[in-house]
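Scroll down for the structure; my scribbles are underneath it.
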Amino acid sequence: VAFKPLSASAVRRLAGICAPERVVTDPALLVDYGHDESSEPACLPEALVKVLSAEEAAAVVCLAREERVPLTPRGLGTGLAGGSIPTQGGILVSTELMDQVLEVDAGNLMVRTQPGVRTVHLQAACAEHGLYYPVDPASLDDCSIGGNVATNAGGARAYKYGVTGDYVRGIEAVLADGSIIRYGGKLHKNVTGYDLNKLLVGSEGTLGIITEITFKLVPKPRHQIDVLVPFDRLAQGVELCLRVIRDSRLMPAVVEFIERGGIAACNRVLGTCLPFADAAVQVLIELEGNDRQQVLADCVLLGETAMELGAREPLVADNATDQERLWTARRSLAKTLKQVYPQVTAEDVVVPLSELPATVELVAGLQQKYGIPIVPFGHIGDGNIHVDICRTITDDGKWQRVRSAVINELVDFVLARGGQITAEHGVGSAKRHLMKRALGPAELKVMRNLKQALDPEGILNPGKVLPDD
Ligand SMILES: Cc1cc2nc3c(=O)[nH]c(=O)nc-3n(C[C@H](O)[C@H](O)[C@H](O)COP(=O)(O)OP(=O)(O)OC[C@H]3O[C@@H](n4cnc5c(N)ncnc54)[C@H](O)[C@@H]3O)c2cc1C
């Protein structure tokens with residue numbers, strides 16, 4: 001698609017649609033909007049527009065169409081796939097000022113929210129009414145709930161509670177033709193026609209701008225106990241995760257792991273926040289329920305299983321202070337790796353559970369083979385392993401070659417084992433070149449047809465998700 005540069009008259013019209021102070025064109029003020037948290041190259045928009053409503057967003061979309069300029073939706077820019085980087089310039093539509101939780105409807109177990117609300121604030125608003133929005137990406141303090149919907153974000157509790165899309169019950173969105181659709185609502189079930197919620201969930205800003213979401217909520221169990229289990233061998237930690245998952249007597253909310261490289265980065269940046277600094281791996285399991293005695297009994301069972309596998313004495317965190325300490329470390333993991341290394345490429349593979357031992361072993365082997373830190377961690381209970389490839393090579397050309405070689409081996413391996421290239425971070429611009437390996441021509445054709453039907457001029461977030469022909 002041939003786009004045009006954004007003209008001065010178009011900028012004036014944008015200022016007429018939104019207030020002039022919400023239209024930014026000064027490159028110095030756009031620097032923070034030219035990147036996300038991935039290692040994708042930065043690229044500035046020609047204009048940033050901070051919309052306040054679906055109607056404003058729709059008017060901006062109509063203008064972009066008329067002017068033939070691309071348009072990239074943006075939440076709070078914590079993405080790890082380059083999705084909100086305006087790689088072709090044009091207009092960046094930020095939802096950051098649409099930051100109101102509109103209604104917590106305790107009677108219907110629903111919350112209605114604008115997209116720019118931080119996930120942590122949405123959770124807090126629901127908690128005030130004794131309700132739980134359980135999806136908890138590690139970035140929850142910094143990311144927007146609209147961004148979570150657009151990437152179908154997961155998190156540690158996805159093991160028990162599922163991902164963002166599992167809670168979406170209604171969506172309002174602006175499509176590429178400027179129309180505003182409202183699908184679903186405060187309904188726990190709804191199969192009226194094609195599921196437009198599902199279509200927009202995970203669409204990474206390529207099919208519409210999400211302007212309001214209705215989520216279902218759940219009650220929160222009264223008691224939580226976190227158990228951190230250290231092992232001297234990586235394989236033992238993986239085995240514990242598998243046993244816990246397959247043991248019907250245990251119903252954990254969280255099954256996470258942190259390998260040695262991640263433990264070291266956390267402790268280096270945050271001080272010794274994680275005990276057992278010399279462990280090869282630490283497994284973090286959260287047990288929960290309404291009956292405290294039952295949760296304690298589960299804890300004993302977990303401890304016995306861990307000791308059978310050769311664990312060291314686990315750390316049990318059963319009060320808010322200890323739990324916060326553990327979770328601060330876990331949530332900061334990706335950030336601390338970025339502080340230790342000048343560049344980190346975050347891979348996000350997912351495999352069937354039975355392939356976890358081999359996948360973790362592969363990553364350890366890649367680290368040996370290429371002689372760079374490659375840190376696996378994350379949501380192992382879902383089969384989702386974050387593989388952070390950390391730059392220690394100064395020469396640019398060599399680093400690019402080594403990085404590509406690692407990614408290629410990892411991707412070939414997981415695809416051969418029935419896995420996929422991303423479980424929660426999305427494709428964005430970072431993984432677009434892998435899509436022809438990840439999906440067949442028939443599946444890609446369906447996706448291209450959907451994109452063509454909804455956005456024939458290709459103005460919404462071009463250069464993302466779908467590969468070039
Ligand atoms: C330290 C760290 C930890 C993280 N941990 C997790 C984790 O545990 N789980 C997880 O899933 N992710 C995680 N992420 C990735 C990231 O936080 C999520 O992808 C998050 O959902 C992005 O939200 P955002 O508001 O920052 O969106 P952005 O980065 O601004 O945008 C992400 C994508 O969504 C689109 N988008 C944003 N808002 C809208 C909208 N209103 N309408 C349409 N499209 C929109 C953008 O175009 C882009 O394609 C982590 C990131 C960091 C830096």
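Values in this text are rule-based calculations from the coordinates and carry no lab data. Note that the structure is a prediction, hence the values are computed from the model and not measured. Don't worry about glycine lacking a Cβ; one is built from the backbone with ideal geometry, like all the others, and counts go over all protein chains shown.
Of note:
- Residue count, the range 195-224 (criterion: within 27 Å of Ala430 (Cα to Cα), more than 8 Å from the ligand (Cβ to nearest atom) and polar (S, T, N, Q)): 1
- Residue list for the range 141-162, filter: near the ligand (Cβ under 8 Å from one of its atoms), out of contact with any Asp or Glu (no Cβ under 7 Å at 6 or more places or on another chain) and either hydrophobic (A, V, I, L, M, F, W, C) or more than 20 Å from Pro73 (Cα to Cα) (or both): Cys143, Ile145, Val149
- Test: residue in the range 124-137 that is surrounded by fewer than 23 Cβ atoms within 10 Å (Cβ to Cβ), among the hydroxyl-bearing types (Ser, Thr, Tyr) and either in contact with a helix residue (DSSP H, G or I) (Cβ under 6 Å, 6 or more places away or on another chain) or part of a helix (DSSP H, G or I) (or both): no
- Just one of (1) free of Cβ contacts under 8 Å to residues at least 40 places away in the same chain; (2) buried (at least 19 other Cβ atoms within 10 Å of the Cβ) fails for Ala28. It is (2).
- Filtered residue count, the range 230-280, keeping only those that are among the β-branched types (Val, Ile, Thr) and closer than 18 Å to Thr328 by Cβ: 5
- Search result, residues across the range 172-231 that are touching a residue at least 24 places away in the same chain (Cβ under 8 Å), in a loop (DSSP other than H, G, I, E, B) and hydroxyl-bearing (Ser, Thr, Tyr): Ser179, Ser203, Thr206
- Which numbered condition Tyr133 fails, given (1) within 13 Å of the ligand (Cβ to nearest atom); (2) closer than 26 Å to Lys189 by Cα: (1)
- Qualifying residue in the range 408-420 (condition: in a loop (DSSP other than H, G, I, E, B), more than 14 Å from the ligand (Cβ to nearest atom), loosely packed, with under 13 Cβ neighbours inside 10 Å and among the acidic types (Asp, Glu)): no
- Taking helices (runs of 4 or more DSSP H) as the structural unit, those lying wholly within the range 255-354 and holding at least 1 residues that are of a type in the set (Val, Ile, Thr) and under 23 Å from Pro134 (Cα atoms) correspond to 292-308, 320-340.
- Looking across the range 265-300, the residues that are of a type in the set (A, V, I, L, M, F, W, C) and out of contact with any strand residue (DSSP E or B) (no Cβ under 9 Å at 6 or more places or on another chain) come down to Val269, Leu270, Cys273, Ala277, Ala297, Val300.
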